[in-house]
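Written out below as structure tokens is the structure these notes cover.
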Ligand code: CTP
């Protein structure tokens, strides 16, 4: 299972903020990822959102009363000990202060004391309250105890003012959970470099040569590797995709920039996955002023860029390339596998329905020295996980080879 949140028991603590309505959306997203969600509300939180709103989504009773005789025996203890993660969203200033002090006057706070699960806190409050030294000191206390504070965003607040204090979006909270819960995944201890996007070659300060790559495949791989515990460096050409959390991101522009960034990151890396669409040519002499239109033909001289992945020489690094083709898919892909010295290549026909640039799905074929595997059309995230499964087995074979004293002797 590649999603570290799936099947996990997530406790959702809801305190009394107008952002409690966002916690309903969060509960819904968590259920969609197959998490088992229990909700604890402070009594005042129920004035913003009814417990039934959560019960209808998580299909489990909501704990609101520390002394509820109907509740499971000492529910704040049993829920706490069973949980894999405790997410407090929204967390008001009062709730954060209670957590920092170790107060236990309601079920939300009492559970925070009785659980040893990782704690995630999503503050939601007016900017002045958030920035108050008392709140900041309380947040620092929580961080120093290992809690993850998922920072609030800027925007329009309940008071009508605009400022920092809006609770983080559910997607961001789930991403924070994935990072923490995936830390012990099957790629823990491995360093993975992923490239993404289409490199850009300048013509003049306002024009450039690039390609249609959206970067979605590379970002999906970076997120999936992170969620399986890898330490990930994402070297990305400019894209419109938000920067992922928990990944070391280097933004580059040209093919030569990307080459430099890869070589600077190689030490200690186990895997290089070259999902970027690298410009094969660059303008010989980009100019530093805007070229003016004069009605005459404009001739640009293009010179070849280096083949970046072919130039990475390493005995131990697992090298994975992509071959985006429109014709003779497998013949071209196998030629690239050999010519570039790759361990594995992912071939995809970019003219096929559902597999083009910018699409959220992909239909790919994996090719290596042993043969090929045709995968059905699936989401780019699923392709990413299938690819990482293949890479993991190459890494494990290498580990076994280097640990086996009867393995191939060096000449
Ligand atoms: N690649 C690279 N450096 C380049 C061009 C491509 O590292 N200058 C990498 C890509 O990131 C990809 C693989 O090589 O992983 C294949 O890229 P592709 O563009 O399909 O192949 P090219 O070698 O550029 O060949 P062609 O454009 O003729 O298909």
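Since every read-out is calculated from the coordinates, none of them should be taken as a lab result. Treat the numbers as computed from the prediction; the structure is a model and nothing was measured. No Cβ is skipped: glycine too gets one built from the backbone with ideal geometry, and neighbour counts run over all protein chains shown.
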Alpha-carbon centroid distance for the pair region 28-71 / region 212-273, whole angstrom:
38 Å
Degrees, to the nearest 10: 380-403 long Cα axis against longest axis of the chain
80 degrees
So if we plug the beta-carbon distance of residue 59 and residue 169 into 1/(1 + (r/R0)^6) with R0 = 22 Å, what FRET efficiency do we get, rounded to 0.05?
0.40
How would you order 136-142, 158-164 from highest to lowest mean count of nearby Cβ atoms within 10 Å?
136-142, 158-164
Cα-based helix-to-principal-axis angle, 255-265 vs the chain, degrees rounded to 10
60 degrees
As a footprinting exposure proxy, order 129, 217 by other Cβ within 10 Å, with the fewest listed first.
129, 217
List the pair-distance distribution P(r) of region 279-411, using every Cα-Cα distance, as the percent of pairs falling in each 5 Å bin from 0 up to the bin containing the longest distance, rounded to whole percents.
2, 8, 14, 15, 16, 12, 9, 8, 7, 4, 2, 1, 1, 0, 0
Using eta = 0.890 mPa s and T = 25 °C, Stokes-Einstein with Kirkwood Rh from Cα pairs puts D for the chain, in µm² s⁻¹, at 102 µm²/s
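Between residue 372 and residue 32, what FRET efficiency follows from the Cβ-Cβ distance if R0 is 41 Å, with the result rounded to 0.05?
On the way: r = 34 Å, r/R0 = 0.82.
E between residue 372 and residue 32, to the nearest 0.05, is 0.75.
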Show me 273-286, 316-329 ranked by packing, highest mean number of other Cβ atoms within 10 Å first.
273-286, 316-329
What does the highest-first list of 287-299, 377-389 look like by mean Cβ count within 10 Å?
377-389, 287-299
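With n ≥ 4 as the cut-off for DSSP H runs, can you work out [θ] at 222 nm for the chain, using -39500 (n - 2.57) per run divided by the number of residues, rounded to the nearest 500?
-10000 deg cm²/dmol
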Could you tell me the convex hull volume per residue, in Å³, taken over the Cα atoms of region 191-400?
135 Å³
Semi-axis lengths, Å, region 9-181, gyration tensor of Cα atoms, sqrt of 5 times eigenvalues
23, 17, 16
Contact order relative to length of the chain, as percent, for alpha carbon pairs under 8 angstrom and 6 or more apart:
11 percent
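Evaluate 2.2 N^0.38 Å with N set to the residue count of region 124-215, then give the Cα radius of gyration divided by it. Provide the component values of the computation, followed by the final result.
On the way: Rg = 20.0 Å, N = 92, 2.2 N^0.38 = 12.3 Å.
Here the answer is 1.63, to two decimals.
If you take the square roots of the eigenvalues of the alpha-carbon gyration tensor of region 303-343 and sort them as a ≥ b ≥ c, do you get rounded (a/c under 1.5), prolate (a/b over b/c) or oblate? Kindly include the intermediate steps, with their values, before the conclusion.
Working: a/c = 2.63, a/b = 1.37, b/c = 1.92.
Oblate shape, in that a/c is at least 1.5 and b/c is the bigger or equal ratio.
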Alpha-carbon radius of gyration plus Dmax, which is the widest Cα pair, for region 209-261 in Å:
11.3, 36
Taking neighbour counts of Cβ atoms within 10 Å as a proxy for exposure, in what order, fewest first, do 127, 81 appear?
81, 127
Would you please give the FRET efficiency between residue 292 and residue 251, computed as 1/(1 + (r/R0)^6) with r the Cβ-Cβ distance and R0 = 30 Å, to the nearest 0.05?
0.50
Here region 1-104 gives, from Cα atoms, an Rg and Dmax in Å of 13.2, 39
